[in-house]
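The values are calculated or read from the model by the stated rules, or taken from the named source; none is laboratory data. For clarity, every value in this text was computed on a predicted model and none was experimentally measured. With ideal geometry, Cβ positions are generated from the backbone for all residues, glycine too; neighbour counts draw on all protein chains shown. The accessibility values were calculated without ligands, DNA or RNA, using every heavy atom of the protein model including side chains. Shrake-Rupley method; radii C 1.70, N 1.55, O 1.52, S 1.80 Å.
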Amino acid sequence: MEPIISTKGLKKIFRIGKVDVPALRGVDLRVQEGEFVAVVGPSGCGKSTLLHVLGGLTSPTEGHVLVDGNDFRGMSDADRTRFRRHKIGFVFQRYNLLPTLTARHNISIATHIQGNGFNPHRFQAVTSMLGITEKLEHRPYALSGGEQQRVAIARAVICEPKILLADEPTGNLDTENSQIVLDMMRELNRTFRQTILMITHNLEAAAVADRIIRMRDGRIISD
Amino acid sequence: MVNRMILANVLHRPIRTAVSVLAVAIEVGMVMLVVGLCHGLVNESAKRVEGVGADILVQPPQSSFLFGLSQAPMPMKVGERLEEIPHVLAVTPVLFVVNSVANLSVIYGVDMTSFDRVSGGFVYHAGGPFQAPYDILVDDVYAKANRVKVGQTLNLLSHEFRVAGIVEHGKGARLFIPLATAEDLQGVQDRASIFFVKCTDPAYGDDAAQAIHKLLPKHSVLPIKDYLSLMTSNNLPGLNYFISAMIAIAVAIGFLVIFLSMYTTITERTREIGILKSLGASKRYIIANILREATLLAAVGILAGYGGSLIARRAILAAFPTLSVELTWDWRFYAASLALIGSLLGAFYPALRAAQLDPVDALAYE
Ligand SMILES: Nc1ncnc2c1ncn2[C@@H]1O[C@H](COP(=O)(O)OP(=O)(O)OP(=O)(O)O)[C@@H](O)[C@H]1O
Ligand SMILES: [Mg+2]
C-alpha cells in the first residue's frame with residue numbers, strides 16, 4: 001500500500017547570517033495510513049523541524065516529500081497553507097489555545113478556518129472521547145494543563161485531518177495527565193484509525209506507539 | 001465565530017480599544033464641527049444679507065462678495081443714478097466697518113431713512129433709533145450673547161458707543177451705526193461700500209440688474225440669488241483651505257492611532273497568529289480579521305463622534321449664541337467615510353505584516 005508519508009533524502013538547512021545550520025541531513029521515512037509513530041531523540045536532533053516540514057509549516061531545503069499524494073516540490077506558501085488546512089492537525093507542547101476564546105470556540109474555530117462547516121456529531125464524538133464536554137464553556141486559563149491539552153487535541157482532530165502531528169504533547173504535563181493524554185491519542189488511533197506522528201522525550205510515552213523512530217543529528221538512526 | 005474572536009480581542013484590551021475609539025470619535029467630531037461651524041458662519045451671514053430685503057447688490061469694481069474685504073468705497077452719487085433706473089423702488093448705501101475679520105463680523109454704517117425703505121424698517125425689542133452720532137443698534141442675538149442693555153456703552157473700534165436700541169436680528173449685520181459716523185471712522189466722505197437696491201417687484205430683479213450693469217459696467221452687480229449661491233463655504237478660498245487642513249489633521253489623528261493600535265496588537269498576538277496559521281488560516285483570513293477589528297473600532301468611534309459632536313454643538317451654542325453650527329447629513333456621511341477609510345488604511349500595514357509572519361517563528365514567539 002502507498003504510504004501516507006514518504007520522504008527521501010529530506011534536508012532542511014537554516015541559514016543564520018553566513019552560517020548554514022543543517023537541522024535535517026537526509027531523512028528517509030515512510031509511514032502507513034493508520035499508524036501511530038513515536039519519534040524520539042536528543043534535543044536539537046531535528047525532531048520538531050521534521051514535524052514542521054511534514055505539516056507544511058516550513059519548506060524543505062532538499063529531497064522528496066510526499067504527504068497524502070501532495071508532492072512538496074514546487075508548492076507555494078499558499079499551497080502549503082491549504083494543504084495544512086485540509087490534511088494536518090497539530091498538537092504542541094505548549095497547548096497553544098487562543099486565550100480569549102472558550103474551549104468550545106477554540107475547537108470550532110478550526111472548522112471555521114477549514115470552511116467545510118461545523119459537524120455537531122463529530123464535535124460530540126471528539127469532545128466526549130476526550131472527556132471535555134463539561135469544560136466547553138471554560139476559557140484556557142480556567143483549565144488544567146491536561147484539560148488544555150485535550151482541548152488542543154480536539155481542535156487538531158475536529159476536521160478529521162489525515163495526519164495528527166504532535167510535538168511533545170506530554171512535555172508540560174505530570175505523569176497522571178500525561179497518561180490520560182497518551183491514552184486518548186491511542187484511543188483516537190484505534191477508533192478513528194487516526195495516523196499519528198508523535199515526538200516525545202519520554203520512552204514510556206513512546207511505548208504507546210506502534211513504532212518508534214530514533215533520530216540523531218538530523219538523521220533517522222533506527223526504526 | 002470570527003466576530004466573537006474579534007469582540008473578545010477588543011474587550012481584552014479595554015484601554016487600547018477606548019483610545020482607538022476616542023481617536024476616531026475626535027476625528028469624526030472635528031470634521032463635523034469644523035465644517036459645521038464654517039457652513040453655519042457662511043450660511044448665517046448670507047441669510048442676514050438676504051434679510052436686508054434688497055433684490056440687487058451693487059459693489060465697487062473688483063470687490064469680493066465677502067463683505068469687508070471690499071475695495072475703496074464708491075461715491076454716494078452712484079446711488080442717486082441707481083434710483084433713476086426703471087423698476088428700482090429704493091436704494092440704500094451702507095458703509096462697512098470691519099469689526100473682526102476672523103468671524104466675518106462687519107458693522108453696517110446705515111442711512112436710517114433709506115435703509116428702512118429697502119428693509120421695511122427695524123423691529124425694536126427695546127429702545128429706538130439713533131439719537132446721536134455715537135449711538136449703536138445691536139441685534140437681539142448679540143445683545144443676549146453679550147448681555148447688552150439699552151443705554152449702556154459699548155467699546156468698539158476704540159470708541160465708546162451708546163446702545164440706542166436692540167433690534168430683531170436678520171437685517172445684514174448684528175451691529176449698526178449711523179452712516180456719517182462710519183464715514184468718520186473710515187476717514188471718507190460721501191462714500192458707500194455697497195448699495196442695496198430694492199425693485200418694485202422681485203420679478204424685475206434681472207432686468208434692473210442688467211440695466212445697472214449697462215450703467216456701471218465695471219462695478220460688481222449681483223442679483224441676490226447669485227449672491228446667495230456664491231456665498232457657500234466651497235467658494236471661500238481661505239475657508240476652504242482651513243477646512244481642508246483641519247480635515248487632514250483629523251484624518252491623520254485617526255489613521256495614526258489606529259495604525260499604532262493595530263501594530264501593537266499584532267505584536268502582542270504574534271503567537272495567536274501563529275496558532276491560526278498552524279490551523280491553516282490563509283493570509284486573506286488573517287488580513288480580513290484585522291481589518292474587521294479596525295472596522296469595529298472605527299464604527300464605534302464614528303457613533304461616539306456623532307454623539308460627541310451633538311453635545312459639542314450644544315455646548316458651543318450655549319457659550320457663543322452668535323455662532324451657528326450646521327451638522328449636515330452629507331458631512332455626517334463624509335466624516336464617517338473618511339474615518340472608516342483612514343482606519344482601514346491604518347490597519348492595512350499591520351494586517352499585512354501579520355499575514356506575512358512565518359508560522360514557526362510566530363509559534364515560538366514569547
Ligand atoms: N528557525 C531556526 N533557525 C535556525 N536554526 C534552527 C531553527 N529551528 C531549529 N534550528 C536548529 O535546528 C536544529 C534542530 O532543531 P529542532 O527544533 O528540530 O530540534 P528538536 O529535536 O525538536 O529539539 P528539542 O527536543 O529540544 O525540541 C537545532 O540545532 C536548532 O538550533
Ligand atoms: Mg522540538
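Of the accessible area of the range B:194-275, computed with a 1.4 Å probe over protein heavy atoms only, carbon and sulfur atoms account for 66 percent. Of the Cα atoms belonging to the range A:150-190, the radius of gyration and Dmax stand at 10.2, 29 Å. Where both bridge residues fall in chain A, DSSP classifies roughly 55% of the beta bridges as antiparallel. Contact residues in the range B:325-366 (at least 40 Å² less accessible area with all protein chains than alone, 1.4 Å probe): B:VAL360, B:LEU363. Residues of the range B:275-316 whose accessible area (probe 1.4 Å, heavy atoms of protein chains only) drops by at least 40 Å² once all protein chains are present, relative to their chain alone: B:ILE275, B:SER278, B:LEU279, B:GLY280, B:TYR285. Highest GNM mean-square fluctuation, chain A, Cα pairs closer than 10 Å: which of A:ARG84, A:ARG73, A:ARG25? Greatest mean-square fluctuation among the candidates belongs to A:ARG73. B:ARG313 contributes an accessible area of around 90 Å² to the protein surface, as traced by a 1.4 Å probe with all chains present.
Other protein chain C-beta atoms within 10 Å of residue C-beta, averaged over B:170-177: 0. The solvent-accessible area of B:TYR142, taken with every protein chain present and a 1.4 Å probe, is close to 40 Å².
Pop the C-beta distance of B:ASP207 and B:TYR124 into the FRET formula with R0 = 35 Å and round what comes out to the nearest 0.05.
In this case the efficiency is close to 0.50.
Return the Rg/Rh value of chain A, two decimal places, where both radii are evaluated on C-alpha atoms and Rh is the Kirkwood radius.
Numbers: Rg = 17.1 Å, Rh = 17.8 Å.
My calculation puts Rg/Rh at 0.96.
For the pair the range B:299-366 / the range B:244-287, the C-alpha centres are spaced 14 Å from each other.
Just report the Cα centroid separation between the range B:206-225 and the range A:128-199, whole Å. The two parts, judged by their Cα centres, are 90 Å apart. For the range A:86-147, which whole percent of the accessible surface, found with a 1.4 angstrom probe, sits on carbon and sulfur atoms? The computed percentage sits at 50.
Ranking of A:LYS47, B:LYS144 by solvent-accessible surface, largest first: B:LYS144, A:LYS47 (1.4 Å probe, protein heavy atoms only, all chains present).
Viscosity 1.002 mPa s, temperature 20 °C: give me the Stokes-Einstein translational D for the protein assembly as shown in µm²/s, with Rh taken as the Kirkwood radius over C-alpha pairs. Write down the numbers at each step before the final one.
Values: Rh = 30.2 Å.
Rounded, D is 71 µm²/s.
Taking the range B:61-218 as the region of interest, the number of lysine pairs whose Cα atoms are within less than 25 Å, with members eight or more places apart or on different chains, is 9. Could you check the simple spin-label distance between B:MET112 and A:GLU33, using points 7 Å along Cα→Cβ, in nm with one decimal? Result for the modelled spin labels: 10.7 nm.
Using a Förster radius of 60 Å, what is the FRET efficiency between A:ASP20 and B:THR328 based on their Cβ-Cβ separation? Nearest 0.05, please. For R0 = 60 Å, the calculated efficiency reads 0.35. Considering only B:SER278, B:SER119, B:SER220, the mean-square fluctuation computed in a Gaussian network model of chain B, springs between alpha carbons under 10 angstrom, is largest for B:SER278.
Here, chain B is characterised by an Rg to Rh ratio of 1.20, where Rg is the alpha-carbon radius of gyration and Rh the Kirkwood radius.
Exposure check, 1.4 Å probe, all protein chains in place: A:PHE192 carries approximately 80 Å² of accessible surface.
Membrane-span-like helices in chain B: DSSP H runs reaching 30 Å or more (Cα, own axis), mean Kyte hydropathy at least -0.5? Before the final figure, lay out the partial values.
Details: long enough: B:14-51 (52 Å, 1.05); B:237-268 (46 Å, 1.58); B:283-319 (52 Å, 0.96); B:329-356 (40 Å, 0.62).
Span-like helices here: B:14-51, B:237-268, B:283-319, B:329-356.
Build a GNM of chain A with springs between Cα atoms under 10 Å apart, and of A:ILE153, A:ILE199, A:ILE13 the one that fluctuates most is A:ILE13. Close Lys pairs in chain A, defined as Cα atoms under 23 Å apart and 8 or more places apart or on different chains, number 10.
State, in square angstrom and to the nearest 100, the accessible area buried between chains B and A, both chains counted, probe radius 1.4 Å.
Working: alone 18150 and 10930 Å², together 26930 Å².
Answer for the B-A pair: about 2100 Å² buried.
Report for the range B:61-218 the percent antiparallel among DSSP-assigned beta bridges with both residues inside it, nearest 5.
Antiparallel bridges make up about 70 percent of those DSSP assigns within the range B:61-218.
Taking every residue in A:67-80 and counting other chain Cβ atoms within 10 Å of its Cβ, the average works out to 1. Protection proxy ranking of B:207-218, B:298-309, by the mean of other Cβ atoms within 10 Å over each peptide's residues and highest first, is B:298-309, B:207-218.
At 1.4 Å probe size, with every protein chain present, just tell me what the per residue accessible area of chain A comes to in Å². Intermediate values should be presented prior to the final figure.
Working: 9870 Å² over 223 residues.
Accessible area per residue, chain A: 44 Å².
Within the range B:196-237, name every residue whose backbone N is under 18 Å away from a label modeled 7 Å from Cα of B:LYS77 along the Cβ vector. Flagged as within label range: B:215-219. Of all DSSP-defined beta bridges confined to the range B:119-171, some 60% are antiparallel rather than parallel.
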